[in-house]
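Presented below is the structure to which this report refers.
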């Protein structure tokens, strides 16, 4: 891997992980999950994930999916999960203060990130946000999969769009 690509990857990794952690804490979650990494992929400087989602048709006739739509879907999926066990939450979760110490994340974040890095190894451009989108879309279960479903996005369509964005 060329040095320039390695520097780019390190900067993108730092941005993705930091943004995912900040998003999780803003939504009241102590550790980021794969769904927060999805939001981060839409917020970092690399536009490939945003470009991919712009062309994915939604079954909800909604405009293109952006970070705000993903945040709302995360809230809805969390509320649905709580309602499934007869817990109702009337108020929005309170943001948590910035974390300190060692970076911690949910297993889903680690799995998505590792898969994105594997996918990026085959790419001459190095890691891109569309690799994260692709890794999230490949998950069949979990909160991130339910978020995509809640947004009306078919996994296969997201996977195809992410591949196309990476080929550009």
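Please work out if residue 117 is under 17 Å from residue 41 (Cβ atoms) and touching a helix residue (DSSP H, G or I) at 6+ places or on another chain (Cβ under 7 Å). Considered against the rule, which asks whether it is under 17 Å from residue 41 (Cβ atoms) and touching a helix residue (DSSP H, G or I) at 6+ places or on another chain (Cβ under 7 Å), residue 117 comes out as no.
Taking the criterion of being surrounded by fewer than 19 Cβ atoms within 10 Å (Cβ to Cβ) and at pLDDT 95 or above, no residue of region 123-134 qualifies.
Tell me yes or no: at least one residue of region 107-122 is exposed (fewer than 12 other Cβ atoms within 10 Å of the Cβ) and closer than 18 Å to residue 21 by Cα. Looking through region 107-122, at least one residue is exposed (fewer than 12 other Cβ atoms within 10 Å of the Cβ) and closer than 18 Å to residue 21 by Cα. Being touching a residue at least 24 places away in the same chain (Cβ under 8 Å) and either within 27 Å of residue 11 (Cα to Cα) or in contact with a strand residue (DSSP E or B) (Cβ under 8 Å, 6 or more places away or on another chain) (or both) is a description that does not apply to residue 56. Being free of Cβ contacts under 8 Å to residues at least 40 places away in the same chain and not in a helix (DSSP H, G or I) is the filter here, so list the residues in region 64-87 that pass it. Answer for region 64-87, where residues must be free of Cβ contacts under 8 Å to residues at least 40 places away in the same chain and not in a helix (DSSP H, G or I): 64, 66, 85, 86, 87. Restricting attention to region 32-69, and to residues there that are closer than 23 Å to residue 126 by Cα and surrounded by fewer than 16 Cβ atoms within 10 Å (Cβ to Cβ), which single residue is modelled with the lowest pLDDT? Here the residue is 55.
Against the test of being surrounded by 23 or more Cβ atoms within 10 Å (Cβ to Cβ) and more than 16 Å from residue 21 (Cα to Cα), the options 145, 137 yield a single qualifying residue, 137.
The values are calculated or read from the model by the stated rules, or taken from the named source; none is laboratory data. As the structure is a prediction and not an experimental result, all values here were calculated from the model. When we count neighbours, we look across all protein chains shown, and the Cβ atoms used for this are built from the backbone with ideal geometry, even at glycine.
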